[in-house]
1. Just the accessible area for ARG132, please: 1.4 Å probe, Å², rounded to the nearest 10?
2. Within straight cross-link reach of LYS451, meaning Cα distance under 16 Å, which aspartates and glutamates are found once same-chain residues fewer than 8 apart are removed?
3. Please work out whether segment 128-257 counts as rounded, prolate or oblate from its C-alpha gyration tensor, where a ≥ b ≥ c are the square roots of the eigenvalues and a/c under 1.5 means rounded, while otherwise a/b larger than b/c means prolate and anything else oblate?
4. For segment 618-707, treating each Cα as an identical point scatterer without solvent, what Debye log10 I(q)/I(0) comes out at q = 0.26 1/Å?
5. With a cut-off of 8 Å between alpha carbons and a minimum separation of six or more residues, what is the relative contact order of segment 667-794 in percent?
6. How large is the accessible surface per residue of segment 661-774, computed with a 1.4 Å probe and reported in Å² as a whole number?
7. Using a probe of 1.4 angstrom, how much of the accessible area of segment 376-500 is carbon and sulfur, in percent?
8. Taking all protein chains in place and a 1.4 Å probe, what share, in percent, of the accessible surface of segment 733-782 do carbon and sulfur account for?
Amino acid sequence: MQKTKPITLLLVLALASSTFAVGTSHWTHTSEADFKNGTFTHVVATNLGDLKLSRAVKTLLEQNAKVSAVYALVETSDGVVYAGTGPQGVVMKIAGDKVTEALKLDDGTSVFSLALDGDGNLLIGTGGEKGRVLKLDTKNEKAKPKEIFSGEGVQYVWSLVRTSDGNVYAATGPNGQLFEINRDGAYSMLLDTDENNLLSLISDGKDTLYLGSDPNGLVYRVNRKTKEVYIVHDAAESEVTALALDKKGNLYAGTAEAMPQAGEDGEPASATEQIGRPEGGTSGAPIPTPPHAEPKPPEVPDPNPGEPDPIPKKLVVFAAPATGSATTKKKNRDAKAQAADDGDKAGERLPTSGPTSVSPTVTAPPTPPSSDDSGKPREGGNAIYRIDPDGLVTEIFRQPVLVLSMIEQDGTLLVGTGSEGLIYQIKPAAQETVVLAKVEPKQVMSLLPAKDGRILLGLANTGGIAAMTSGFASEGTYTSPVLDASQVSRFGKLRLHGSLPAKTALKVATRSGNVAEPAETGWSKWSDAAPAAEFVPVTAPTARFLQYRLTFTSEDGNRTAVIDDVDVSYQQPNLPPEVKSVKIATKESQSQQTTSSASPPEARHQTITWEASDPNEDELDYSLYFRRGSTGKWILIKDKLKETTYEWDTRLVADGRYEVRVVASDARSNAIGSGKSASRVSDPLVVDNTPPVIGNLNARSGAGEVRIQADAVDRSTTLAAFAYAVDSADEWQTVLPSDMIADGPEEKLDFSIKELKPGPHQVTVRATDARGNQTMQTIPVTVDSPAADAGAAK
């Protein structure tokens, strides 16, 4: 980054003491998109536009050199959890909060799927040069795992499911095949599709299997006994990566189509502007303006009476200001109206695992994520579809994420996504969707409801394992993105709307600077954190850039403060307007060819136009002046103009060279005496209202012709054209001056008119100057007959 030169103290003081504009500007954050570019630490911005504490997430496995992604999680009957990772073939063991290495396979091997057989042995589905299913004796982890499946052409075992009769089913790639592995070790191909990969697999606990595919986004239903195959859904997205079933037989299919990488077809996804928010957000409980000593203002009424837990309605005493150096296939569909689930119900917990004969479904995308930030969702985002037992398909979720993992319990879905590491809770029956947590590794590859009530998370980009509890984090912060006022500005108040339940707290701090990137040496220190109120004065020093920080705390983890919207006011210094251009054009006459000795009135009007703007967006008034030459005194033409054009009648000024000045003023939009102005002068304009003069007009006739001679003079500009007409005919013939070019203030004419009939005639000579002024002179002539001319010669 290019270093910014330090701003001297003198300059800072000068700007800080500048006159500030009357108008107040605002930064307003009220939607998920508004908050998105800030920094979240145990805080989430929900799709309802709220900020609140996330669920408590504890990291169990930090970044490990052997692990880039944790693809699969499974729990044994005694509560031990195994995690399949890549790309170095490591299987991790989790007991409580302790994570150890249980098995190391060959480098270049990824463990994409895990399951348990009827004896509690660990089944391991791998990917790499060859896809295999291995069996590890969990009672003797030091024993070498036994291979129970290795199909021809199989490179990836994406998902494993064990059914109640002890059979194991493996969904594979890159040939889109489903294999059945019997308890005796024999295996056979149950389904061979035209797809590349069967990414996800789930059983209904009986004879039906469901599979999700890539690259056509198909959902298959397979009867493992009759071998009957039926496609129940063709998704708009290319990859169906996660499947879940509820007790009513509803199937949920999540998609994860990514933005094309360099060299692939398609255009990068563009951000979708979202205005407003879905219904059901936490209603704001506004705080009245704090009362002053004298006079006491009336209390602001609560527009939402009866709403629980409003942010306290009180005046907050603040410390002194901080000091420091002041240096992607379909377009997004409209979101459904969704009710908020703030999780404020005391004792509310996430779903926990219960008795089931179905092993957890774990999925992964065809291309394992790397440690970079690849894998962005395509334009239009991805969806979760509900397919009811009658085959009716309903879209219940769509967000700009990759749906990478999903579990269902008691009518609630938990969804792990990428590329922002968001974990969603969805209640399809109530049409409720809410963000529970945001994790720093930006891909939530696997979810497991553990027997101890926690939700274990397998993460990617930086491979790790975390545990999410049912309660809120004890503390979290949201730091806004850098807010740019474009000029050194004075900051006003930060206004909050939201709720503040008992046993929760919310504090506000701000800082400012004059360089775009916040740094300890370039910005002011954070102000002392102040308890939240509806209006919190911003105590950060005057500067161009500002940040605010909200700190949430919860004493018992059952409740959290919720912020609906944040509004920060600021006031820029009053900057002078700018007049960018001044143009003057002659209004064209209706006819330049006229018999009048004076040019038409339209030719005497000049159209003055200008471009002007104000950096504060103040309303501008304009004044027009003119002067003769470049040193004369300015004379007012017109003031208090609102439009940026004016017709100037130059018949009212003497001939000569003039300049026009436009003055723009913002005085009416600012306090008395604090307005500013700017001006611009036009290029020189020649005013010439006087026509040329024709003199010394002389005619000599001969046999059938007349010779005309004359002098022409223009006192202000140059002569531009000459013509003549005979006997008042409206037919003008152009002629050139004696030197064959009309370009000076004085010109001579000498031309002959031939083939005239004998007898009297009148010849009219016309001269036109460079400004279109014309003059005409007429002279009588008599043309002799050829015979008379010949007799005179004898």
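1. Per-residue accessible area (ARG132): approximately 70 Å².
2. Cα-Cα hits under 16 Å: GLU75, ASP78, ASP97, GLU408, ASP410.
3. prolate
4. Values, matching the q order: -1.29.
5. Dividing the mean separation by the residue count of segment 667-794 yields 28 percent.
6. Using a 1.4 Å probe on heavy atoms only, each residue of segment 661-774 averages 52 Å².
7. After summing per-atom areas, the C and S share lands at 45 percent.
8. Result for segment 733-782: 50 percent of the exposed heavy-atom area is carbon or sulfur.
The values are calculated or read from the model by the stated rules, or taken from the named source; none is laboratory data. Quick caveat: nothing in here was measured; it's all calculated off a predicted structure. Ideal geometry is used to build each Cβ from the backbone, glycine not excepted, and the neighbour counts take in all protein chains shown. The accessibility values were calculated without ligands, DNA or RNA, using every heavy atom of the protein model including side chains. Shrake-Rupley method; radii C 1.70, N 1.55, O 1.52, S 1.80 Å.
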